[in-house]
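Data block below; observations after.
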Amino acid sequence: MIQSDAPANLTRRGFLGMPILLSGVTRPSDTLQGRAALRGITYGGAVAYAHLQDRDYRAAVLREMKMLVPENELKWESLRPSPTTYDFTKADALIRFARVHGKHIRGHCLTWHHQFPRWYTSVVHAGNASHILTDHIATVVRRYAGQMHSWDVVNEQVETWEANVDGIRVTPWLTLLGYGYMDLAFRTAHAADPQALLVYNDYALELNADWHAARRQRVVRLLQDFKSQGTPVHALGIQSHLTPDGVFDPAIFTNFLNHVAALGYTIIISEMDVVDKTFPADIARRDAMVADVYRRFWTAALAHPAVKVALTWGLTDKYTWLNTVRMAHRADGLSVRGLPLDDQYHKKPAYEVLLNAFATAPMKK
Ligand code: XIL
């Protein structure tokens, strides 16, 4: 069970019942969510059910984030113990926690090529795939209908390097149902919750490496297809796990955002963090370099009128997923420092930079 807590910004009733701020307590405008809100931007990120048992984590999430994204709890692996059953225990608890505390919730993700339940490959075949897919999407999306800001309906379907057909990744759903599975997934989600913003979410779209450029082009083509087919897709989620595979060029990135926005899509920066594996071991130097990536990236992203939601994949280095992925591991074995708070919940330079990027962003309409 997640214990519910008093909000971090504790107030006490003072003279004539007026709330007085307790000394040492953060003012809302000094938090990431508060500073973002002043510019019409929603800040938040991935949150894990298990970590909410940690009081400090819970307090930091409540203080800093306005939008919560269940990190794993809504994936097939978590929701589907068997082909005919659903287990919503953790997802429900996390979503209840978000609602009780007035947070927006983003659903992640309805289709992906990772984190399938173990039974998937032995049970799903071309004859039943369409039924299994639509039953899952309708059941899950309907359960939280009216409560979700948005849903990642299709995650990471573009692939220009490894196994792909015309830049589309060869995934189980693609193999079983063909390219049209995406249209089916979006239509099913839209019917189940007409209010939710439906998102195509993908990674490696941010840098000026060749493979990012190829992926950007393919994503734009995919978004054009959705538009011409009338597929109900409303937003592009740009994950923004910033790796050292290229440099970030604001002009190139802005140009991409312009293309996407010109097609009528809104844009969510959906999973930002920094892979610091090539940065020095020295903490001060490393944190300054991570902060610099934050500064360049967020200044460009937040300047764009179509970017109104800004999310990091976690909040504290204590729980970053990057410590569990081989591609992010440092040769010196030190842990990754790619998020705004360190593993003791101290604000890092990246935090201050993000706060400032919100403060200086143009006002969103
Ligand atoms: C990651 C989670 O953070 C990990 O806990 C899990 O083990 C693997 O998945 N892109 C996505 C997210 O769309 O779902 C991934 O989340 C990170 C990369």
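The values are calculated or read from the model by the stated rules, or taken from the named source; none is laboratory data. Computed from a predicted model, the values in this text were never measured in an experiment. So basically every Cβ, Gly included, is an ideal-geometry build from the backbone, and we count neighbours across all protein chains shown. In case anyone asks, the SASA skips ligands and DNA or RNA and just uses the protein heavy atoms, side chains included. Shrake-Rupley method; radii C 1.70, N 1.55, O 1.52, S 1.80 Å.
Some notes on this structure:
- Theoretical ellipticity at 222 nm over the chain - DSSP helices of four or more residues, -39500 (n - 2.57) apiece, nearest 500: -11500 deg cm²/dmol
- 1.4 Å probe accessible area per residue over the chain, in Å²: 43
- Here's the picture: charge each Lys and Arg Cβ at +1 and each Asp and Glu Cβ at -1 in region 160-233, and of 214, 175, 194 the one pushed furthest to the positive end of that dipole is 194.
- Normalised by the number of residues in region 88-179, the average gap of Cα pairs under 8 Å and 6 or more apart makes the relative contact order 36 percent.
- Among 324, 139, 316, the sequence by solvent-accessible area, most first, with a 1.4 Å probe is 324, 139, 316.
- By the rule of a C-alpha distance below 27 Å, with chain neighbours fewer than 8 residues away ignored, the lysines paired with residue 347 are 66, 103, 277, 308, 318, 364.
- Around residue 347: net Lys/Arg minus Asp/Glu count, Cβ-Cβ under 12 Å: -4
- Evaluated on the chain, the Kirkwood hydrodynamic radius is 21.2 Å, with distances taken between all distinct Cα atoms.
- At the residue level, residue 308 shows approximately 80 square angstrom of accessible surface with a 1.4 angstrom probe and all protein chains present.
- Computing Rg and the Kirkwood Rh from the Cα coordinates of region 251-365 gives a ratio, Rg/Rh, of 1.00.
- Cβ-derived FRET efficiency at R0 41 Å, residue 292 paired with residue 195, nearest 0.05: 0.60
- Exposure ranking of 55, 106, 296, 118 by accessible area [1.4 Å probe, largest first]: 118, 55, 296, 106
- Taking a point 7 Å out from the Cα of residue 283 in the direction of its Cβ, the residues of region 28-60 whose backbone N falls within less than 20 Å of it are 56-57, 60.
- Taking the accessible area of region 161-239, probe 1.4 Å, and keeping the other protein chains in place, the carbon and sulfur fraction comes to 55%.
- Cβ charges +1 (Lys, Arg) and -1 (Asp, Glu), total dipole of the chain, debye: 1120
- Isotropic mean projected area of the C-alpha convex hull, region 164-301 (nm²): 9.5
- Listed residues 274, 165, 309, most fluctuating in the chain (Gaussian network, C-alpha, under 10 Å): 165
- Selection from 113, 160, 61 lying farthest towards where the dipole of region 55-198 points positive, charges on Cβ: 61
- Computed over protein heavy atoms with a 1.4 angstrom probe, the accessible surface ordering of 65, 289, largest first, is 289, 65.
- Residue among 334, 355, 184 with the largest mean-square fluctuation in a Gaussian network model of the chain, springs linking Cα atoms under 10 Å: 334
- Calculated on alpha-carbon atoms, Rg and Dmax of region 189-242 in Å: 12.8, 39
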